[in-house]
Amino acid sequence: MILNCKVRPDQEGRELKAILRNELRLSASLFKRLKAASAIKVNGLPVFPSFRVSSGDEISLDLAEPPADFPPEHGRLNILFEDDWLLALDKPRGMLAHPSHSRLTGTLSNFALQHILDGGGTACHAVNRLDRDTGGAVLFAKSGYVKSLMPELITRKEYLAVVCGTPDPPDGTVELPIRRAREGGMLRIVAPDGAYCRTDYETLGSGEGLSLLRLELHTGRTHQIRVHCIAIGCPVLGDKLYCTEESRLISDKYAAEFQHLHASRLVFTHPFTGSSVELRSVPTWDILPIIL
């Protein structure tokens, strides 16, 4: 994958390294790798980082990467967005988003990598992560460089959740710090010495002891929504980790075998065009008519 850019008049006489590090925001490790591979060129020729550019010069970076550490696999994909740099997919509930030490195949990332390779790309990097039982929009970058740019370019992350009970007040903000319950464990808890977290929520409907919430994340802590929902007395329906005795009974009543949480909206600024891109995904939950 080649990234090309033209030197602007206001960049006349500047060192190439300064432009790459400060304006193109190459990380120190990526800059070092590209330099060692002679993958940084001006007007088609390799140059030293101290080279001083002129207005109109063409800078090109070969962003090719080593093979991924997980195998590509063919699989059915629901594509929400794709261009030369990014791929957004609608993840089905129940599918792992990313390979792990215990499972390297059959995940959304395996299928995304194969799709990218088939299109002439070389790499696949997940920008956002979803739990196995959480469906919805997942964004992949086709290079590590693009992935490094994306966190500050994501402007909105919204989820839908069916929860047990009704929040009081029905709309509001949860700002409760979260940390691991114990070192190395999966469970997270609200604790004064945890990391800052903020979740905004809005009740879209309620009925039969359940509510449908729209939630917006302003931070991205592991299990943030699930922890914040149980903290306000409304565990996510079907959640077997963050639950109460009452929510377990409600989940059993509705035969909820999975947590009803869905990444419904992701908005980001494109790293190269500057345009706003909005991804939307709609959950297919049989229980919604009961609430709405």
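All of the numbers you see were taken from the coordinates with simple rules; none came from a lab. Note that this is a predicted model, so its numbers are computed, not measured. A quick note on method: Cβ atoms are made from the backbone with ideal geometry, for glycine too, and the neighbour counts reach across all protein chains shown.
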Per-selection Rg to Rh, the range 138-292 - Cα, Kirkwood hydrodynamic radius: 1.00
Positive dipole terminus of the chain, leading residue within N78, H115, A18 (C-beta point charges): A18
Whole-Hz ³J(HN,Hα) from phi, Karplus 6.51 cos²θ - 1.76 cosθ + 1.60, for the range 266-271, glycine and proline x: 9, 10, 9, 8, 5, x
Cα-only Debye scattering, the range 1-126: base-10 log of I(q)/I(0) at q = 0.18, 0.19, 0.22 Å⁻¹: -0.94, -0.99, -1.17
Non-local Lys pairs in the chain, i.e. 8 or more apart or on different chains, that have alpha carbons under 24 Å apart: 26
All-pairs Cα distance distribution in the range 42-108, expressed in whole percent, bin size 5 Å: 3, 11, 15, 15, 13, 9, 7, 9, 11, 5, 1
Estimated dipole of the chain in Debye, rounded to 20 [Cβ of Lys and Arg +1, of Asp and Glu -1, Cα centre]: 920
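Within the set of other residues whose C-beta is less than 11 Å from the C-beta of G209, count the net charge using Lys and Arg as +1 and Asp and Glu as -1.
Here the charged neighbours net out to -1.
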Förster radius 45 Å - calculated FRET efficiency between K17 and E208, Cβ distance, rounded to 0.05: 0.10
Kirkwood-type radius of the range 2-62, with distances r between different C-alpha atoms, in Å: 11.3
Phi-based couplings in Hz for the range 199-204 (Karplus 6.51, -1.76, 1.60; Gly and Pro marked x): 10, 9, 9, 9, 7, 8
Placed amide H near K91: partners under 5 Å, 5+ positions off or other chain: G136, A137, V138
Spatial separation of Cα centroids for the range 161-186 and the range 1-26, in angstrom: 43
Distance between the range 98-156 and the range 249-273 - C-alpha centres, whole angstrom: 17
√(5λ) per eigenvalue of the Cα gyration tensor, the chain, largest first, Å: 42, 20, 17
For the range 79-149, fraction of C-alpha pairs farther apart than 19 Å, in %: 27
GNM result for the chain, Cα springs below 10 Å: residue of V47, V236, V190 fluctuating most strongly: V47
Amide proton proximity set for L204, modelled H, under 5 Å, gap of 5+: L212, L213, R214
J(HN,Hα) series, the range 205-218, from Karplus relation 6.51 cos²θ - 1.76 cosθ + 1.60, nearest Hz, glycine and proline x: x, 9, x, 6, x, 10, 9, 9, 10, 9, 10, 10, 8, 10
